[in-house]
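J.: One structure is given below, represented as structure tokens, and several questions about it will come after.
The values are calculated or read from the model by the stated rules, or taken from the named source; none is laboratory data. Since the structure is predicted, the reported quantities are computational estimates derived from the model, not experimental observations. For neighbour counting, all protein chains shown are included, and Cβ atoms are generated from backbone atoms with ideal geometry for every residue, glycine included. The area values use the complete protein model at the heavy-atom level, side chains included, leaving out ligands, DNA and RNA. Shrake-Rupley method; radii C 1.70, N 1.55, O 1.52, S 1.80 Å.
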Amino acid sequence: MKAVVLLSGGLDSTTICSLAAAEGREIYALTLAYHQRHEREIEFAKQTAKAFGAKEHIVFPVALDLFGGSTLTDLSRPVSRDVPLSEIGQAIPDSYVPARNTVFLSLALACAETRGAQEIWLGVNSVDYSGYPDCRPEFLDAFEHLAHLATKAGVEKTASFRIRAPLLHLTKGEIIRLGMKHGVDYSKTLTCYTPDEQGRACGHCESCLLRLDGFRQAGLTDPAAYV
């Protein structure tokens, strides 16, 4: 079965790619270059797509920085640092990119319809996450319904689209253990929002804090390079 995998180059999406490969999917990897400040993750996405035998890897440019509204696309705004873990996810953070997953899934749906794929895989998580509204199960259910209304394949019933989000209800530690089981090399992933010029993670942004806590949960040491 063909599957479009949204692949950022981060920890979660890399794990997702490994799971799709393990299930024998013919992978069409889609990476969005949205002028994010951590664009170095795209190089890791290219390595991951190759490592797990993707049939095709598309790096699609979409200039979300033209809209602004997020510290990930507006370089004049600082990224929050050293937020207590107990407070992460209690409110929608300044790193939220307006409608990002809606945009990404729409592009993945277009890719799926043209490639004859009936599954879209993505690494959203509703347990150890930053409070993004587009990482919730009700959002994924709504988009899956929309996919059948908004496409020729859906209207003509020549395809039945399914949104696959296997990490949705797992903790970060469980995700890491699952990825290790399926051959993920987490040293070749980038999660940090503000890596330095050498690609080393800051260790202080919310994404780094959640990642480091996940490795602690898993009883492992994060192999990624940190400043």
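J.: In what order, largest first, do Phe52, Phe60, Phe143 sit by accessible area if the probe radius is 1.4 Å?
T.: The ordering from most to least exposed comes out as Phe60, Phe52, Phe143.
J.: Okay, moving on. On the full set of protein chains, 1.4 Å probe, figure out the accessible area of Lys46 and give it in Å² to the nearest 10.
T.: For Lys46, solvent-accessible area is about 90 Å².
J.: For Ser160, what accessible area in Å² do you get when you roll a 1.4 Å probe over the heavy atoms of the protein chains, rounding to the nearest 10?
T.: Accessible surface of Ser160 is approximately 70 Å².
J.: On full extension of the chain, what length is gained from Thr102 through Asp185, given 0.36 nm per residue of separation minus the C-alpha to C-alpha distance? Can you show the working numbers first?
T.: Numbers: separation 83, 0.36 × 83 = 29.88 nm, distance 2.85 nm.
In short, 27.0 nm is gained.
J.: May I pose another question? Which Rg and Dmax, in Å, describe the Cα atoms of the stretch 170-224?
T.: So, for the stretch 170-224, Rg and Dmax equal 10.9, 32 Å respectively.
J.: In nanometres, what is the gap between the two model label sites at Val127 and Met1, each 7 Å from Cα along Cα-to-Cβ?
T.: Here the answer is 2.3 nm between the modelled labels.
J.: For the chain, with only Lys/Arg (+1) and Asp/Glu (-1) charged at the beta-carbon, what is the dipole magnitude about the Cα centre, in debye rounded to 20?
T.: The calculated dipole for the chain is roughly 540 debye.
J.: How much area per residue is accessible in the chain when the probe is 1.4 Å and only protein heavy atoms are counted (Å²)? Could the numbers behind the result be given before it?
T.: Details: 10420 Å² over 227 residues.
That works out to 46 Å² per residue.
J.: Sticking with this structure for a sec: For every helix of n ≥ 4 consecutive DSSP H residues, a contribution of -39,500 (n - 2.57) applies; sum these over the chain, divide by its total residues, and give [θ] at 222 nm rounded to the nearest 500 deg cm²/dmol.
T.: Numbers: 7 runs with 79 residues, N = 227.
The helix-only estimate for the chain comes to -10500 deg cm²/dmol at 222 nm.
J.: Classify the chain from the C-alpha gyration tensor, please: rounded if a/c falls under 1.5, else prolate or oblate depending on whether a/b exceeds b/c. Mind dumping the intermediate values first?
T.: Values: a/c = 1.61, a/b = 1.37, b/c = 1.18.
Judged from the Cα gyration tensor, the chain comes out prolate (a/c at least 1.5, a/b above b/c).
J.: OK, next. Would you rank Leu178, Leu167 by solvent-accessible area, highest first, keeping every protein chain in place and using a 1.4 Å probe?
T.: Details: Leu178 45, Leu167 0 Å².
Ranking Leu178, Leu167 by accessible area, largest first, yields Leu178, Leu167.
J.: To continue, here is another question. Have a look at Ala112, Ala159, Ala142 and tell me which one the Gaussian network model of the chain (Cα, springs below 10 Å) gives the largest fluctuation.
T.: Ala142
J.: As an exercise, take the mean of 1/r over every pair of distinct alpha carbons in the stretch 1-74, invert it, and state the Kirkwood radius in angstroms.
T.: 12.6
J.: What is the percent carbon and sulfur in the accessible area of the stretch 1-111, measuring with a 1.4 Å probe over the protein chains and ignoring ligands?
T.: 54
J.: Which of the listed residues, Ile120, Ala51, Pro98, is farthest toward the dipole's positive end in the chain, when Lys, Arg count +1 and Asp, Glu count -1 at the beta-carbon?
T.: It is Ala51, whose Cα lies furthest towards the positive end.
J.: Looking at the stretch 51-119, which trypsin sites (Lys or Arg not before Pro) are in a loop (DSSP not H, G, I, E or B) and have at most 16 other Cβ atoms within 10 Å?
T.: Sites meeting the loop and neighbour criteria: Lys55.
J.: Any chance you could run the full-extension gain for Arg77 through Glu39? It's 0.36 nm times the residue separation minus the Cα-Cα distance, nm to one decimal.
T.: Length gained between Arg77 and Glu39: 12.0 nm.
J.: While we're looking at this one, here's another question. Which whole-number percent is the relative contact order of the stretch 84-209 (Cα, under 8 Å, 6+ apart)?
T.: Normalised by residue count, the contact order of the stretch 84-209 is 23 percent.
J.: With a cap of 10 neighbouring Cβ atoms within 10 Å, and only residues DSSP puts in a loop, list the GluC sites (Glu not before Pro) found in the stretch 135-167. Could the numbers behind the result be given before it?
T.: On the way: sites: Glu138, Glu144, Glu156; in loops: Glu156.
Hits after loop and neighbour filter: Glu156.
J.: Here's something else I'd like to know. Go ahead and run the numbers for FRET between Asp94 and Thr221, Cβ-Cβ distance against an R0 of 30 Å, rounding to 0.05. If you can, show how the numbers build up before the last one.
T.: On the way: r = 29 Å, r/R0 = 0.98.
Efficiency at R0 = 30 Å is approximately 0.55.
J.: Sorting Thr221, Thr151 by accessible area (1.4 Å probe), largest first, what list results?
T.: Descending accessible area places them as Thr221, Thr151.
J.: Still on this structure: Hey, what's the per residue convex hull volume over the C-alpha atoms of the stretch 65-166, in cubic angstrom?
T.: That works out to 108 Å³ per residue.
J.: A follow-up question, please. Determine the alpha carbon to alpha carbon distance for each of Lys2/Lys172; Lys55/Lys181; Lys50/Lys152; Lys50/Lys188 and list only those over 19 Å.
T.: Where the Cα-Cα span goes over 19 Å, the pairs concerned are Lys2/Lys172; Lys55/Lys181; Lys50/Lys152.
J.: Same structure again: Could you pull the accessible area for Glu43 with a 1.4 Å probe, rounded to 10 Å²?
T.: 100
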